[in-house]
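These notes are about the structure you will find just below.
The values are calculated or read from the model by the stated rules, or taken from the named source; none is laboratory data. Remember, predicted model here, so these are calculated numbers, not experimental data. No Cβ is skipped: glycine too gets one built from the backbone with ideal geometry, and neighbour counts run over all protein chains shown.
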Amino acid sequence: MKFGILVFPGSNCDDDMLYVLRDILNQQVTKIWHKDRDLQGCEVVVVPGGFSYGDYLRSGAIARFSPVMQAVVEHAQRGRYVWGICNGFQILTEAGLLDGALLKNNHQKYTCKNIYLQVGQTQSALTKQLDPKRPYRIPIAHGDGRFFASSDVLKRLEDNDQILFRYCDAQGLLTDESNPNGSTDHIAGICNKQGNIWGMMPHPERACDPLLGNTDGRFLFESLLHQL
């Protein structure tokens with residue numbers, strides 16, 4: 001299985017993702033520069049975190065016009081896998097590949113800490129092997145992570161089982177205190193209706209190495225690899 005990691009000016013989580021995929025999970029992986037139009041035969045495209053183009057205008061709003069994104073759209077339309085994390089999630093919403101928008105955190109501050117995720121569904125390759133009764137501890141690091149969508153879009157996401165993750169507490173409960181950015185319905189990650197495009201604000205690639213004291217993120221990668 002070959003993974004491709006997009007790199008934009010301002011990306012800063014591409015090496016984290018490369019390390020996990022190549023050195024921990026022993027996968028074939030390559031970086032793809034934002035001006036390239038060839039995905040180099042990659043089956044899974046990862047749009048990593050960071051501050052693409054300095055997050056000027058809106059987070060992800062400029063990156064969605066990069067030449068590589070046309071290839072990503074075509075890749076997604078063929079039913080192939082695309083995974084956007086943090087800034088990558090923002091880029092995918094700006095590109096119209098995922099519903100909703102990521103707005104400034106409700107407290108107007110950048111937040112970097114471990115949070116807990118409740119699994120919303122287990123139909124996607126990313127969540128199929130996860131335990132819906134178990135909260136997963138994953139780091140976040142964002143200033144524009146508040147998921148927002150209209151009531152019609154939210155209903156569609158619910159009806160189609162497109163909500164991958166919700167912010168919760170260590171017991172798996174959805175409380176005001178466990179929602180770190182004010183996201184609507186505690187939403188931390190979603191997929192498209194077909195289930196091949198995923199977006200999430202938390203960083204599972206930062207919770208895979210035992211040296212960091214947390215390997216909960218590895219469960220997402222292993223779920224994906226199990227389906228490929």
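Quick notes
For (1) within 25 Å of Arg80 (Cβ to Cβ); (2) within 15 Å of the chain's Cα centre (by Cα); (3) of a type in the set (A, V, I, L, M); (4) surrounded by 24 or more Cβ atoms within 10 Å (Cβ to Cβ), each residue gets a yes or a no:
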position	(1), (2), (3), (4)
Arg156	yes, no, no, no
Ala170	no, no, yes, no
Cys191	yes, yes, no, yes
Ala207	no, yes, yes, no
Glu222	yes, no, no, no
Gln227	yes, no, no, no
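- Flag for Leu21 being surrounded by 15 or more Cβ atoms within 10 Å (Cβ to Cβ) and farther than 27 Å from Leu212 by Cα: no
- Matching residues, region 133-153, being of a type outside the set (Asp, Glu) and out of contact with any strand residue (DSSP E or B) (no Cβ under 8 Å at 6 or more places or on another chain): Lys133, Ser150, Ser151, Val153
- The condition of being on the phi > 0 side of the Ramachandran plot and touching a residue at least 40 places away in the same chain (Cβ under 8 Å) holds for only one of Asp144, Asp216, Asp161, that being Asp161.
- Within region 104-124, being under 20 Å from Arg206 (Cα atoms) and in contact with a His (Cβ under 9 Å, 6 or more places away or on another chain) holds for Tyr110, Thr111, Cys112, Gln118.
- Identity of the residue in region 98-128, buried (at least 21 other Cβ atoms within 10 Å of the Cβ) and among the hydrophobic types (A, V, I, L, M, F, W, C), that ends up nearest to Ala61 (Cα to Cα): Leu102
- Residue satisfying condition, being crowded, with 16+ Cβ neighbours inside 10 Å, over 21 Å from Ser52 (Cβ atoms) and either out of contact with any Lys or Arg (no Cβ under 9 Å at 6 or more places or on another chain) or acidic (Asp, Glu) (or both), within set Pro202, Pro135: Pro135
- In region 107-119, the residues that are closer than 22 Å to Gly172 by Cα, of a type outside the set (Val, Ile, Thr) and over 14 Å from the mean Cα position of the chain (by Cα): Cys112, Lys113, Asn114, Tyr116, Gln118
- Under the condition of being under 29 Å from Val45 (Cα atoms), free of Cβ contacts under 8 Å to residues at least 60 places away in the same chain and either in a loop (DSSP other than H, G, I, E, B) or touching an Asp or Glu at 6+ places or on another chain (Cβ under 7 Å) (or both), the residues counted in region 168-207 number 3.
- Every residue from region 12-48 that is at pLDDT below 95 and either among the aliphatic types (A, V, I, L, M) or within 17 Å of the chain's Cα centre (by Cα) (or both): Asn12
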